[in-house]
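Below is one structure, written out as structure tokens, with a few remarks after it.
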């Protein structure tokens, strides 16, 4: 396996439409840091998603580089990220991160 942190990503509620491959589930290997430690946060993952998975209009999912815009529910292993420190949560191998859009057209 390549160096990095294995993470399972899932996009739902329309968020999957922003992803290049238009798939709901992705198994990714988040690259290791070259600086002081290999610790990666959820904010790092969101920046990586913006740069590597989103095909267009990243502002519909990601805000300010390392957080999500209002109306996007983020779950870490089925737990709301607000209970875990949001973008400062330190990722662990094989964490399942789910991003769900709660916004719908009318």
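The values are calculated or read from the model by the stated rules, or taken from the named source; none is laboratory data. Only a predicted model underlies this, so the values are computations on that prediction, with no experimental measurement involved. Backbone-built Cβ (ideal geometry, glycine too); neighbour counts: all protein chains shown.
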Check your understanding: Looking at (1) in contact with a helix residue (DSSP H, G or I) (Cβ under 9 Å, 6 or more places away or on another chain); (2) modelled with pLDDT of 90 or more, which is the one condition that is false for residue 56?
Key -> (2)
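Kindly indicate whether residue 27 is surrounded by fewer than 13 Cβ atoms within 10 Å (Cβ to Cβ) and either over 23 Å from residue 3 (Cα atoms) or free of Cβ contacts under 8 Å to residues at least 40 places away in the same chain (or both). Spell out the reasoning first.
Values: surrounded by fewer than 13 Cβ atoms within 10 Å (Cβ to Cβ): yes; either over 23 Å from residue 3 (Cα atoms) or free of Cβ contacts under 8 Å to residues at least 40 places away in the same chain (or both): yes.
Taking the combined requirement at face value, the residue satisfies it.
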Practice item. Scan the stretch 61-91 for residues that are outside any strand (DSSP E or B) and surrounded by fewer than 17 Cβ atoms within 10 Å (Cβ to Cβ) and jot them down. Key: 64, 65, 69, 70, 71, 77, 78, 82, 83, 84, 85, 88
Revision key, fill the gap. Sole miss for residue 58 among (1) in contact with a strand residue (DSSP E or B) (Cβ under 9 Å, 6 or more places away or on another chain); (2) surrounded by 14 or more Cβ atoms within 10 Å (Cβ to Cβ) is condition (1)
Point to revise | Hey, residue 51 surrounded by 15 or more Cβ atoms within 10 Å (Cβ to Cβ) and in a helix (DSSP H, G or I) or not | key: no
Practice item. Only residues that are more than 21 Å from residue 89 (Cα to Cα) and at pLDDT below 90: list them for the stretch 1-14, please. Key: 1, 2, 14
